[in-house]
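Structure first, commentary second.
Derivation of every value follows stated rules applied to the coordinates shown; laboratory data play no part. Just so you know, these numbers come straight off a predicted model, no measurement behind them. Cβ: placed from backbone, ideal geometry, glycine included. Neighbour counts: every protein chain shown.
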Amino acid sequence: MKRKSFLLSAIMALLGYSSCSSNPWTDLNPDEFEKEAFTEGTCIIDVRTAQEYSEGHLYRAVNIDWQKDGFIDEISKKFDKSLKLAIYCKSGRRSAAAAAALAEAGYKVINLKDGYMSWAEAGKMTNTYQVESISNGNEPLFVTLIKHGSLEMSYKGYSIQVDPVSGYGKNTDYSKEFPKADAILITHEHGDHLDKNAITALSSEKTEILLNAKSQQQIGIGRVLANGEHFTLSPVGIVVEAVPAYNTTAGREQFHPKGNGNGYLVHFLGTLCAYVAGDTEDIPEMENIRKMLFGGRVTVAFLPVNQPYTMTVDQCVNAAKIINPQVLIPYHFGQTDISALPDLLPDTKVLLRDMQ
């Protein structure tokens, strides 16, 4: 759709907005916005610039800049019109213009009145981590890329934290930057993957903690999943399957011995599947991943590229070709140069993000 027509609609809507006439979207104060934005079927969109977004944004918010060409096209690629869009900018002006354009395009929209400034002044939860939306249908999977081996997956409002660590690299204050997790997955017991303080900060009495045996021995809590075992997170029906993660190259076996650590396949109600590889090389068991449990294609894969502890770039390429994910997000890559991966995997969408 032509941007000019949306800009005209936006200008007309803003004139109505400033004169308090009715809008084809709903303006909400921070408390009202918070109640609606974090519900199933709602997607939060930060329409500011990438620089503004990086300095602080709402938890789980995806950044799509209203001022860039193709805004509506980008929205339509990522979000089905059955979803409600919760949008905001700095003060509410850009998001009001975006709301008008989105409403004309057929979306149901709520807008944060007075924008991010009012949210921050109200002391609401913010963080600085990149969020990606990954969709295989109507309801997207939201992935917050925290650092190194730490990430969060949110699906229909259900939060799964993977290897949360407070102090490795930049400090992460999980008690202030994230809500309580519904589930926590721990791949293995190394200090850049296992942090009891972070787990405690994220845990409520309802939080399910799934981990390998050595991690459970260290922190004394959680449900052990061995390679090949699976567990259903009730009542939502998300299935978590523990898969092998280990080193195969001669001289590296001591880093991650076979049978100890876990990777995880997370099946989101049969529509989306995420593969978090853990600390591993391109092991033979990857051949079976497409056949496991529900079958089908892995929607998003997180593969470590941190030679000599995990994969080389060539091993990551080989693993991606075996697994054949729709989206690959390299993580845990330390000082390894991963810039060649998109060219080496032309048939896979490769997202290079700050996951050192």
Exercise for review: Pull up the cross-link candidates among the aspartates and glutamates for residue 90, meaning alpha carbon to alpha carbon under 15 Å and not fewer than 8 places away within one chain.
Suggested key: 27, 46, 52, 55, 65, 114, 121
Check your understanding: Label-point separation (nm) for residue 335 and residue 230, each offset 7 Å from Cα along Cα-to-Cβ?
Key -> 4.1
Revision key, fill the gap. In the structure shown, of 176/196; 35/68; 108/180; 35/147; 170/206, the pairs separated by more than 19 angstrom at the C-alpha atoms are 35/68; 108/180; 35/147; 170/206
Exercise for review: Name the shape class, rounded, prolate or oblate, that the alpha-carbon gyration tensor gives for region 205-356, where a ≥ b ≥ c are the square roots of its eigenvalues, rounded holds for a/c under 1.5, and otherwise prolate holds if a/b is larger than b/c and oblate otherwise.
Suggested key: oblate
Practice item. Would you mind computing, in nm to one decimal, how far apart the modelled labels at residue 51 and residue 250 are, each placed 7 Å from Cα along Cα→Cβ? Key: 5.4
Check your understanding: Over all distinct alpha-carbon pairs, what is the Kirkwood Rh of the chain in angstrom?
Key -> 21.1
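Give the whole-number value, in cubic angstrom per residue, of the convex hull volume spanned by the C-alpha atoms of region 92-244. Spell out each step's value before the answer.
Numbers: hull volume 21.5 nm³, N = 153.
So the per-residue hull volume is 141 Å³.
Taking region 13-158, how much of its Cα-Cα pair set, in percent, is spaced more than 22 angstrom apart? Mind dumping the intermediate values first?
Values: 3562 of 10585 pairs.
Result for the distance tail: 34 percent.
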Check your understanding: Among 174, 216, 137, which residue has its Cα positioned farthest towards the positive end of the charge dipole of region 134-248, with +1 placed on the Cβ of Lys and Arg, -1 on the Cβ of Asp and Glu, and the dipole taken about the Cα centre?
Key -> 174
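In the chain, which whole DSSP H runs stretch at least 18 Å along their own axis (Cα) and average 0.0 or higher on the Kyte-Doolittle scale? Don't skip to the answer; put the middle values down first.
Working: long enough: 3-18 (22 Å, 0.97).
TM-like helix candidates: 3-18.
Report, for the chain, the % of DSSP beta bridges that are antiparallel, rounded to 5. Numbers along the way, then the final one.
Values: 34 of 66 bridges.
Close to 50 percent.
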